[in-house]
Amino acid sequence: WGETPREHFAQGEGLDELVTALGLRVAQLDQSIALLSTGERQRMALARAIIDGPCVLLLDEPTGALDAKATAQAERVIKRQLKQGHAVILVSHDPGQVKRLAGRKLTIRGGRVRVSRA
């Protein structure tokens, strides 16, 4: 692993804008990863997942370590990905987040999978 978050990103456009949209400071890209909080690391990981424009994002509790403000910022970024036509598969234990982000919901209970509209 690199010493700074920037070392984990390919050189490309849009990184500063994405990091800012996630409520981080651009200067944090050049800080030691050890100095970042768990929530800051989680948002950097989300930026890393998004920056290259994948067709599908698989996100497991992407806001689990975030406060309400940072969660709202991350959700705005995820919604932007959806509006741009990217598929997002999101694992969340937050029913409110599922309602805010999902078009379809899969619930697993007692070994059974149920599909419904979110």
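The values are calculated or read from the model by the stated rules, or taken from the named source; none is laboratory data. Just so it is clear, the model here is predicted, and its values are computed rather than measured. A quick note on method: Cβ atoms are made from the backbone with ideal geometry, for glycine too, and the neighbour counts reach across all protein chains shown.
Listed values, structure above:
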{"quantity": "Flag if E13 is at pLDDT 95 or above and among the acidic types (D, E)", "calculated": "no"}
{"quantity": "Subset tally (residues that are closer than 21 Å to R100 by Cα and in contact (Cβ under 8 Å) with a residue 24 or more places away in the chain) for region 47-63", "calculated": "11"}
{"quantity": "Filtered residue count, region 30-47, keeping only those that are under 20 Å from K69 (Cα atoms) and outside any loop (DSSP other than H, G, I, E, B)", "calculated": "10"}
{"quantity": "Close pairs (6 angstrom Cβ cut-off, 6 or more residues apart or separate chains): free of Cβ contacts under 8 Å to residues at least 12 places away in the same chain in region 31-46, part of a helix (DSSP H, G or I) and of a type in the set (D, E) anywhere", "calculated": "none"}
{"quantity": "Pair list, Cβ under 9 Å, 6 or more apart: region 94-116 residue among the aliphatic types (A, V, I, L, M) and modelled with pLDDT of 95 or more, other residue assigned to a helix (DSSP H, G or I) and surrounded by 10 or more Cβ atoms within 10 Å (Cβ to Cβ)", "calculated": "L101/E75; L101/I78; L101/K79; L101/L82"}
